[in-house]
């Protein structure tokens, strides 16, 4: 019990630091609010003049914004992963990681704090996007629907942040996370159901879309937004996301324990 | 060593290293180091840059495992029980490492969480801060603090959990003379008031001389001498004359003078095969008493090589002369050589 309490205290300390550091600069707050709204306004408006019949046939809705909402938020979680990597590299460069590692803190706690910090950061934009799409005419689902949707996004974010941290665990190079983001994010985004339904994808791309966690979150959130509640939605995507997040966190924590060092 | 002595040793000594070796790829950074540091002392690891001091600290603070050998800190094995080791140590870096975007209390709070301190953390922090003349109500982000204040805050954080041993890696590097002296006083105070054993690394000879009860001199990863400063100074057993000559000459005539014990860097000149007699020459000559021998020495040299002497310095026994005695190289030359080696390594990699 004492051991668990000690680990919990360490996690609280490091996680709080991550959150405080996220918004150390007021410019970051402003950009974090504006960026997802711009995405919604510009990309969401691209089909605003499309014929309703086309929208209903292609997107199964006459409001592309409602279709895009869960996809946009899921795609944002891809970039959240990058922040976890950058945060670790910054701590390596500044020596702060060494400061933490000479205390009795297990490496997996450091990993967990980074992943949770980045995922929480990703969640901050969710209410702002919700507010934006509501103003643009999208009807929000029930509170339980919103909670389920946000939980799915959080799970996606945990998994993706873990992947990013895993890849950059041994690196101290600032360029790696951004290069990775360019390399990983675009294929994951376009081979998912975030922006378009997969029915019109070529067969090989559908295979990708079926195992792409961004698709799980996009499709799950979309079903909730479209139906307005969680009564008749398919929970399989949600379970996939739990599995994805658990496996990635597990691998990440194990790898951090074994390999995270400042040698 | 018998089993009983082995455990007595671990009770008496804050730090024990047995044949500790660290090899990175094929480069030996720390070579077969044996150390015993008594509880309550200030122990210095003195050596030029790249000598292996920081690698030893990394291993003793549980950040890196030795390739060979074993070590105990506060009675715990550094590889088998690194969490226990970390519970009992504090660490102060060469460059102050804090979260600059947080204020002092926020930084201390995180440290208290990492050491799982209870509600008493704040009271403890305030009492240490008051001792170091730090204002606990200061809301300013620590990034805007002066270097001295930042160092004091880092020491406060290192002492927060009552460590038995404090590791200070080059604690005064990059500080101005006044701040350095202030820190020396603080280090002595911490050792006296809090009873903490301190292991510090330094490449400032003066610092080791002023602060340390005992020390080890390290060069190329090897401990070349260890003991109290007085014990080490007695190793030299005489004065050292450092003489710069305008050009090379047959300096064997110096060795024939009564009272000259040795030419310390003679080997270097033999190794480098002197062929050009126009190069300047620097000799370190160990003598019984510099003041009495100097007139004879000057007249002997001048009689055969007039006006060849450029400069003469007298070195009384000090850590500098010990280093010279043991390595045949002045501390400054060793630093320069090490920097040159590092530069070449970077260039070739």
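The values are calculated or read from the model by the stated rules, or taken from the named source; none is laboratory data. On a predicted model such as this, the values are computed, not experimentally measured, just so you know. Ideal geometry is used to build each Cβ from the backbone, glycine not excepted, and the neighbour counts take in all protein chains shown.
So the values come out like this:
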read-out	value
Selected residue [under 18 Å from residue B:232 (Cα atoms), modelled with pLDDT of 75 or more and surrounded by 12 or more Cβ atoms within 10 Å (Cβ to Cβ)] from B:302, B:288	B:288
Filtered residues of segment A:177-223 (kept if without any contact (Cβ under 8 Å) to a residue 60 or more places away in the chain, closer than 13 Å to residue A:77 by Cα and out of contact with any helix residue (DSSP H, G or I) (no Cβ under 7 Å at 6 or more places or on another chain))	A:186
Hey, residue A:219 buried (at least 18 other Cβ atoms within 10 Å of the Cβ), over 12 Å from the mean Cα position of the chain (by Cα) and part of a loop (DSSP other than H, G, I, E, B) or not	no
Any hit, segment A:43-61, residues being within 22 Å of the chain's Cα centre (by Cα) and at pLDDT 80 or above	no
Candidate set: segment B:83-99, residues that are surrounded by fewer than 19 Cβ atoms within 10 Å (Cβ to Cβ) and within 12 Å of residue B:154 (Cα to Cα); chosen: the one farthest from the other protein chains (Cβ to nearest Cβ)	B:94
Complete set of residues in segment A:17-32 that are in contact with a helix residue (DSSP H, G or I) (Cβ under 8 Å, 6 or more places away or on another chain) and surrounded by fewer than 16 Cβ atoms within 10 Å (Cβ to Cβ)	A:19, A:20, A:23, A:28
Residue count for segment A:1-16, restricted to those that are farther than 19 Å from residue A:90 by Cα and either surrounded by 12 or more Cβ atoms within 10 Å (Cβ to Cβ) or facing chain B (nearest Cβ under 9 Å) (or both)	8
Segment B:217-240: number of residues that are within 19 Å of residue B:27 (Cβ to Cβ) and over 12 Å from the mean Cα position of the chain (by Cα)	4
From A:70, A:94, A:76, A:84, residue being within 25 Å of residue A:189 (Cα to Cα) and either within 14 Å of chain B (Cβ to nearest Cβ) or free of Cβ contacts under 8 Å to residues at least 60 places away in the same chain (or both)	A:76
Among the residues listed as A:245, A:256, the single one being within 30 Å of residue B:30 (Cβ to Cβ) and either crowded, with 22+ Cβ neighbours inside 10 Å or in contact with a strand residue (DSSP E or B) (Cβ under 8 Å, 6 or more places away or on another chain) (or both)	A:256
Qualifying residue in segment B:119-129 (condition: at pLDDT 90 or above, out of contact with any strand residue (DSSP E or B) (no Cβ under 9 Å at 6 or more places or on another chain) and facing chain A (nearest Cβ under 8 Å))	no
Single residue of segment B:83-105 satisfying the filter (part of a loop (DSSP other than H, G, I, E, B) and either over 26 Å from the mean Cα position of the chain (by Cα) or outside the structural domain of residue B:143 (by TED's automatic domain parsing) (or both)) that is farthest from residue B:39 (Cα to Cα)	B:101
Test result for residue B:145, assigned by TED's automatic domain parsing to the domain that holds residue B:97 and over 22 Å from the mean Cα position of the chain (by Cα)	yes
Index of the failed condition, residue A:117 passing every other in (1) modelled with pLDDT of 90 or more; (2) in a helix (DSSP H, G or I); (3) away from chain B (no Cβ under 14 Å)	(3)
Residue pairs meeting the criteria (Cβ under 8 Å; at least 6 apart or on separate chains; first modelled with pLDDT under 90, in segment B:197-224; second surrounded by fewer than 19 Cβ atoms within 10 Å (Cβ to Cβ) and assigned to a strand (DSSP E or B))	B:220/B:31
Listing of helices (runs of 4 or more DSSP H) fully contained in segment B:163-276 that carry 3 or more residues being in contact with a strand residue (DSSP E or B) (Cβ under 8 Å, 6 or more places away or on another chain)	B:177-193, B:205-211, B:229-236
Counted residues, segment B:48-64 - those being in contact with a helix residue (DSSP H, G or I) (Cβ under 9 Å, 6 or more places away or on another chain) and on the phi > 0 side of the Ramachandran plot	2
Residue among B:48, B:66 that alone is more than 11 Å from chain A (Cβ to nearest Cβ) and either farther than 17 Å from residue B:199 by Cβ or in a strand (DSSP E or B) (or both)	B:48
